Amino acid sequence: MKKIPSFQVNHNLLLRGIYVSRKDKIGKEKITTFDIRMKEPNREPALGQGALHTIEHLAATYLRNHPVWAEKIVYWGPMGCLTGNYLIVKGDLESTDIVELMKETFEFIAGYEGEVPGTSAADCGNCMLHDLPMARWEADRYLKQVLLHMTEKNLEYPTTVIPGC
């Protein structure tokens with residue numbers, strides 16, 4: 001079976017950052033899927049499930065209420081490997097187009113206090129799996145170590161091809 005493009009990225013070289021994972025056309029609309037990579041794959045511990053779940057709730061709520069971006073946000077959700085999130089946005093965009101938005105989003109999460117939106121049993125399929133203190137800690141770490149110091153290496157996938165792909 002042919003490997004899908006995201007499995008052809010050399011994760012041994014992948015840094016934390018913001019990457020264009022793919023671009024698709026749906027009808028007349030273009031959409032861009034971003035890889036919001038918070039952890040270096042296979043080189044540092046994955047995000048805790050409770051923290052990642054809380055980041056999902058806070059980021060999705062923030063983005064879907066953003067005064068400029070709300071109508072362009074299609075989806076925000078965690079990666080199965082627990083090293084980051086996917087953001088799908090309407091439009092033909094590049095990583096640099098959303099750096100400021102991600103700074104705002106992670107500042108929001110890092111400073112969030114109070115009840116996490118959508119965490120009641122009626123609102124959430126796993127309402128017990130949340131960890132606001134760790135979500136805040138991870139968001140602050142990503143903001144301070146990555147988002148505030150973006151370089152080309154944090155914005156473009158490594159170009160080394162994996163043998164056999």
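The values are calculated or read from the model by the stated rules, or taken from the named source; none is laboratory data. It should be emphasised that the depicted structure is a prediction, and the values quoted were computed from it without experimental measurement. Cβ sites come from the backbone with ideal geometry, for glycine too, and all protein chains shown count toward neighbours.
Quick notes on this one:
- Residue count for region 16-58 satisfying the condition of being of a type in the set (D, E) and more than 15 Å from G77 (Cβ to Cβ): 4.
- Scanning region 32-70 for residues that are of a type in the set (G, A, S), in contact with a Ser or Thr (Cβ under 9 Å, 6 or more places away or on another chain) and under 16 Å from L101 (Cβ atoms) yields one hit, A59.
- Residues in region 112-141 that are touching a residue at least 40 places away in the same chain (Cβ under 8 Å), touching a helix residue (DSSP H, G or I) at 6+ places or on another chain (Cβ under 6 Å) and part of a helix (DSSP H, G or I): L132, M134, A135, E138, A139.
- For region 1-42, the set of residues classified as surrounded by 14 or more Cβ atoms within 10 Å (Cβ to Cβ), in contact (Cβ under 8 Å) with a residue 60 or more places away in the chain and assigned to a loop (DSSP other than H, G, I, E, B) consists of V9, N10, L13, L14, L15, R16, M38, listed by residue number.
- Filter result for A46 (within 18 Å of M134 (Cβ to Cβ), among the hydrophobic types (A, V, I, L, M, F, W, C), surrounded by 18 or more Cβ atoms within 10 Å (Cβ to Cβ) and out of contact with any His (no Cβ under 8 Å at 6 or more places or on another chain)): no
- In region 7-20 there is at least one residue that is under 19 Å from A135 (Cβ atoms) and within 14 Å of the chain's Cα centre (by Cα).
- Test result for H130, over 21 Å from G17 (Cβ atoms), under 13 Å from the mean Cα position of the chain (by Cα) and surrounded by 15 or more Cβ atoms within 10 Å (Cβ to Cβ): no
- Of all residue pairs spaced 6 or more apart or on separate chains, none has beta-carbon atoms under 6 Å together with a first member in region 59-88 that is modelled with pLDDT under 95 and a second member that is β-branched (V, I, T).
- There is no residue in region 75-98 that is part of a helix (DSSP H, G or I), out of contact with any strand residue (DSSP E or B) (no Cβ under 9 Å at 6 or more places or on another chain) and either surrounded by fewer than 14 Cβ atoms within 10 Å (Cβ to Cβ) or of a type in the set (F, W, Y) (or both).
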